[in-house]
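S.K.: Can you keep this structure in mind? I'll have questions shortly.
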Amino acid sequence: MPSAHDPSAAGQDGPVLYERRGPVAYLTLNRPRYRNAQNSAMTYALDDAFYRAAEDSEVKVAVLAGAGEHFSAGHDIGTPERDAHLPFERRAGLWWDHSDKAGAESRFARESEVYLGMCRRWRELPKPVVASVQGACVAGGLMLAWICDLIVASEDAFFADPVVRMGIPGVEYFAHPWVMPPRIAKEFLYTGDRMSARRAYQVGMVNKVVERDELADTTHELALRIAAMPRLGLALTKRAVNQAEDLQGMHTGMDSVFGLHHLAHAHNAETAADPLGGMDIASMKKKADG
């Protein structure tokens, strides 16, 4: 049975669920059948949910969670609802519509919008955001957890960025050297291995690790503790820490790695079967298990 604080119990539908419980807004990724793989429909629904939380003066804190067994297995690279080729309203920047373009012109425009651009917008929400992570938090799932101010993970949670197997230097929102020590980030990327919740806690990427059946309640209690603080004090504190990270090179570092990311896609398009280096869900899983 879901916990009394489990947002997946709300009985809503759509790629992202939204529910307010007192001063806490729950934003829940809702494609459990596909391990909450992120297609564009989910990304834009999540953007809507963040705007809703931002505009609601009753909301002091947001919680980002995933319905089902997993937080998020990453970007959608193979479900029946994959929609990377479709146009969507541009929100995170001024790049043109990607859907009628080809090659790097299309991919760079789309990923500037739905990956790097969206994540940067959400990171700047002037209200604290807490990630509640269970099961898989892989590749694009990392990006969603990393834009959050705090991360609470269940004992069974694991983190991985296996895209080096595609010849690509990590996901688009390249926060790796800021959310963990650089040598740990290199190990994380070079091997593609799963990092347990406990090790993520040890390296400082996660704030709390709890039993799976305690995850929802622990996250809610933490959110309520934060919500007791003054709204402006929270907003200014978040801004201060984010500015400090950017002064340490986070913003410009991400820009430079985003260029390397797209160099890798272009190289794959010239030398392999496709811009993903011929990798699909099955082959990525086989490599991980092998």
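The values are calculated or read from the model by the stated rules, or taken from the named source; none is laboratory data. Since this is a predicted model, take the numbers as computed values, not measurements. So basically every Cβ, Gly included, is an ideal-geometry build from the backbone, and we count neighbours across all protein chains shown. Surface areas here come from the heavy atoms of the whole protein model, side chains and all, with no ligands, DNA or RNA. Shrake-Rupley method; radii C 1.70, N 1.55, O 1.52, S 1.80 Å.
S.K.: Evaluate the Kirkwood expression for the hydrodynamic radius of the stretch 67-209, namely the inverse of the mean inverse distance over all pairs of different C-alpha atoms, and round to one decimal in Å.
M.R.: In the stretch 67-209 this quantity evaluates to 16.0 Å.
S.K.: If you don't mind, another one. Using helices alone, what [θ] at 222 nm do you get for the chain, with -39,500 (n - 2.57) per DSSP H run of 4 or more residues, divided over all residues and rounded to the nearest 500?
M.R.: Here the helix-only value at 222 nm equals -12500 deg cm²/dmol.
S.K.: Using θ = phi - 60° and the Karplus form 6.51 cos²θ - 1.76 cosθ + 1.60, what ³J(HN,Hα) does each residue of the stretch 21-32 get, whole Hz, x for Gly and Pro?
M.R.: In residue order, the calculated couplings are 10, x, x, 10, 9, 9, 10, 10, 5, 10, 10, x Hz.
S.K.: May I ask you to give the percent of accessible area on the chain that is carbon plus sulfur, with a probe radius of 1.4 Å?
M.R.: C and S atoms contribute 55 percent here.
S.K.: Select from Gly103, Gly141, Gly170 the residue whose mean-square fluctuation is largest in a Gaussian network model of the chain (Cα-Cα springs shorter than 10 Å).
M.R.: Gly103
S.K.: Cβ neighbours within 10 Å, averaged per peptide: list 227-238, 20-31, 182-193 in order, most packed at the top. The partial results should precede the final answer.
M.R.: Working: 227-238: 13.2, 20-31: 21.7, 182-193: 15.4.
So the peptides 227-238, 20-31, 182-193, ranked by packing, come out 20-31, 182-193, 227-238.
S.K.: Name the long-range amide H neighbours of Ala25: under 5 Å, sequence gap of 5 or more, or other chain; modelled H, no Pro or chain starts.
M.R.: Long-range HN contacts for Ala25: Lys60, Val61, Ala62, Val63.
S.K.: May I pose another question? So what is the diffusion coefficient of the stretch 94-155 in µm² per second by Stokes-Einstein at 25 °C and 0.890 mPa s, using a Kirkwood Rh over Cα pairs?
M.R.: Values: Rh = 13.2 Å.
Value of D from the Cα-based Kirkwood radius: 186 µm²/s.
S.K.: Another one. Filter the chain for me: DSSP H helices, axial length by Cα at least 30 angstrom, mean Kyte-Doolittle hydropathy not below -1.0. List them by residue number.
M.R.: Result, helices passing both filters: 250-271.
S.K.: Continuing with this model, one more query. Can you return the aspartates and glutamates within cross-link range of Lys60? Criterion is Cα-Cα under 12 Å, with same-chain partners fewer than 8 residues away left out.
M.R.: Within the straight-line cut-off, Lys60 pairs with nothing.
S.K.: Mind checking the dipole of the chain: about its Cα centre, +1 per Lys or Arg Cβ, -1 per Asp or Glu Cβ, Debye to the nearest 20?
M.R.: My answer is approximately 540 debye.
S.K.: Ok, one more. Beyond 24 Å, how much of the Cα-Cα pair distribution for the chain remains, as a whole percent?
M.R.: Of all Cα-Cα distances in the chain, 49 percent exceed 24 Å.
S.K.: Whole-Hz Karplus ³J(HN,Hα) for the stretch 77-93, in order, using 6.51 cos²θ - 1.76 cosθ + 1.60 and θ = phi - 60°, x for Gly and Pro?
M.R.: So the J values, rounded to whole Hz, are 10, x, 7, x, 9, 4, 9, 5, 8, 8, x, 9, 4, 6, 10, 9, x.
S.K.: When the scattering of the stretch 64-109 is computed by the Debye formula from its Cα atoms alone, each counted once and equally, what is log10 I(q)/I(0) at q = 0.27 Å⁻¹?
M.R.: So the normalised log intensities work out to -1.04.
S.K.: More than 17 Å apart: what percent of Cα pairs in the stretch 18-63 qualify? Let's see the in-between values first.
M.R.: Numbers: 358 of 1035 pairs.
Cα-Cα pairs of the stretch 18-63 separated by over 17 Å account for 35 percent.
S.K.: Given a cut-off of under 8 Å on Cα pairs at least six residues apart, what relative contact order in percent is computed for the stretch 48-167?
M.R.: 30 percent
S.K.: Can you tell me the relative contact order of the chain? Whole percent, Cα pairs under 8 Å, sequence separation 6 or more. Please list the in-between numbers first.
M.R.: On the way: 526 pairs, mean separation 50.4, N = 290.
This gives 17 percent for the chain.
S.K.: Could you report the stretch 1-142's accessible area per residue, 1.4 Å probe, as an integer in Å²?
M.R.: 41 Å²
S.K.: Restricting to the chain, compute how many DSSP beta bridges are antiparallel as a %, nearest 5.
M.R.: So the antiparallel bridges in the chain amount to around 25 percent.
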